[in-house]
Amino acid sequence: MRSMSIVCAGIVMICATASPANAAISESQTLVVYNSASSEGSELKDAYLAAHPGIPSEPYANVIDLNDVSLLKSDLSIDEFITKVRDPIRQRLLLLIPPRPHDIIAIVLIRPMPHRILDSDNPLVGDDPNAADVEFFDDADATYASVDSELTLLFQDLYVGEAGGTMDSLADNVIGNPYGFNISDWEEIDTFSRLAISTQKTFQNYFDLFWSSGGSGLLSLTAGDIYLVCRIDGATQSDALALINRAQGLTVNRATTHLLLDLRQNSPSELEDDFGAIASFLTGEGWNVRFDETFEFIDSSEEPRPLIAYASQGETHGFGGNGEDPPGDGTYIDGYGFVPGAIFNSIESYNARGLNGLPPLFDQEQLADFVSAGGTFAIGNVFEHLGAGQPEISHLLYHMLINRATWAEAAYSSIVFLSGQTIVLGDPLARFETIVDIEGDCNADISVDLADYDSFASCLAQSPTGVGLECECFDFNADTAVDLADFAELQVFFDVN
């Protein structure tokens, strides 16, 4: 299969440490969309509003209830999406009462909410990688997408003219994201004017591959003209509720958490550049990064330490015989230890398919499984994305961990194309409020406590046979042994904590 990486790949350059972002998406700039036809939808909406009491509820609520039993499914036709999802949201924002279109930055979709829009003339083509390749590259008529990605361009009439021809509507293939690329030029989303967000923009066809902004002035698509759409979702209601709770008041212990970035050997150069650049940069900033680009797939038995971020090629790690297949069938995420705020991104075409009861395809790991395993933030694809849906991991991690941006801003700054197959899972308003360095907090729960003493005792007993990764945190004097000298240090950390 061909890949959009031939269009969007580039050398990643990271130049300097940025200060934590001072601005953030406010609760008043957030719109919550749910479906009261499901009691779980109402419960989850209430939980999200309780976590964010600043989201207006009276007199003009930033809440839209679609209240439609026919939306309790995974897939929508284009007509269903327009009439049952897009237009009701448009109509509410166009009322002469707040919030107006320009007042909103983030849209939160509450489970259960459909996540896929079927292709206009070949409904399930996105579930067939080879057919999708033809639909996108040869026919230039791929209208299959995620609900979330289409809503980023809420006020753009993407489907006008669509008749199954080559790039005959803006819904064909994808649209360049104006809030991406240059790390050093990044700005908080609320610095861009949003006053023309409901104005139809002008686009130009880029070699029958994608659409880019083609107008000037008010007709040009800018970062102020898109919505950052995220969803609160998971395999179960309890998982979705936990997703909300884990994202609140985030503190991460840089000293004892780790990032696992795992590529197979002989990966495409753009991936090696992307992963390698951020691994090097974050290491220089004091983060513990394990960057592996060998044949081996690093499974949970080989990485027992607390993880704040995980990125790999997942079930495609063994592609072409260049790498080891992950253990199990779409279950490789099991066993890792994720701390609150953990981020997940895998290079798998269908890793976000398995919501709303849809089964996985090709045994690929699912974002929903990551949430069940304790994860907090993830980006994935609901259909074959042909590289167009693959985020830049360097942008994602840089903006979350260095700029300390909101999840929505970090996620969308890493996404190259809109009107595609991508979804962003997690609370858009969440951010790392505090980054600490606490030695001895080996389970990374922001406290040196009796749980750490218990772990130390186990490591002390193992020390004669060597210090494994799970005990490395307690080897304070780096003498490759966990002994009484380290215990004395642990006592100091415990007293200080």
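The values are calculated or read from the model by the stated rules, or taken from the named source; none is laboratory data. Predicted, not measured: the structure shown is a model, and the values here were computed from it. Glycine also receives a Cβ, built like all others from the backbone with ideal geometry; neighbour counts cover every protein chain displayed.
Key figures
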| item | result |
| --- | --- |
| Residue in the range 163-180 that is under 21 Å from residue 431 (Cα atoms) and touching a Lys or Arg at 6+ places or on another chain (Cβ under 7 Å) present | no |
| Subset of the range 238-269 (residues that are of a type in the set (Gly, Ala, Ser) and within 24 Å of residue 447 (Cα to Cα)) | 242, 247, 249, 255 |
| Residue match in the range 431-439 (condition: of a type in the set (A, V, I, L, M) and within 13 Å of the chain's Cα centre (by Cα)) | no |
| Selection from the range 182-192 of residues that are touching a residue at least 60 places away in the same chain (Cβ under 8 Å) and either surrounded by fewer than 17 Cβ atoms within 10 Å (Cβ to Cβ) or not β-branched (Val, Ile, Thr) (or both) | 184, 186, 188, 190, 191 |
| Pairs where the first residue, in the range 61-74, is in the same structural domain as residue 98 (by TED's automatic domain parsing) and closer than 19 Å to residue 103 by Cβ and the second is modelled with pLDDT of 95 or more and of a type in the set (Phe, Trp, Tyr), C-beta under 7 Å, 6+ apart | 65/34 |
| When residues of the range 345-378 are limited to those that are in a helix (DSSP H, G or I) and among the small types (Gly, Ala, Ser), the one surrounded by the fewest Cβ atoms within 10 Å (Cβ to Cβ) | 372 |
| Answer residue from the range 279-315, given it is touching a Ser or Thr at 6+ places or on another chain (Cβ under 9 Å) and in a loop (DSSP other than H, G, I, E, B) and is surrounded by the fewest Cβ atoms within 10 Å (Cβ to Cβ) among those | 285 |
| Residues of the range 8-61 that turn out to be among the β-branched types (Val, Ile, Thr), at pLDDT 50 or above and in contact with a Ser or Thr (Cβ under 6 Å, 6 or more places away or on another chain), as a count | 2 |
| Qualifying positions in the range 397-415 - farther than 22 Å from residue 104 by Cα and under 13 Å from the mean Cα position of the chain (by Cα) | 397 |
| Residue match in the range 320-339 (condition: assigned to a helix (DSSP H, G or I) and of a type outside the set (S, T, N, Q)) | yes |
| Any hit, the range 426-433, residues being assigned by TED's automatic domain parsing to the domain that holds residue 170, out of contact with any helix residue (DSSP H, G or I) (no Cβ under 9 Å at 6 or more places or on another chain) and not hydrophobic (A, V, I, L, M, F, W, C) | yes |
| Qualifying residue in the range 124-140 (condition: closer than 19 Å to residue 213 by Cα and in contact (Cβ under 8 Å) with a residue 12 or more places away in the chain) | yes |
| Members of the range 302-348 that are more than 23 Å from residue 376 (Cβ to Cβ) and of a type in the set (S, T, N, Q) | 316, 322 |
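Rundown of residues vs (1) closer than 22 Å to residue 422 by Cβ; (2) touching an Asp or Glu at 6+ places or on another chain (Cβ under 8 Å); (3) not hydrophobic (A, V, I, L, M, F, W, C), yes/no style:
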position	(1), (2), (3)
77	yes, no, yes
80	yes, no, yes
83	no, no, yes
95	no, no, no
98	no, no, yes
101	no, no, yes
113	yes, yes, no
116	yes, yes, yes
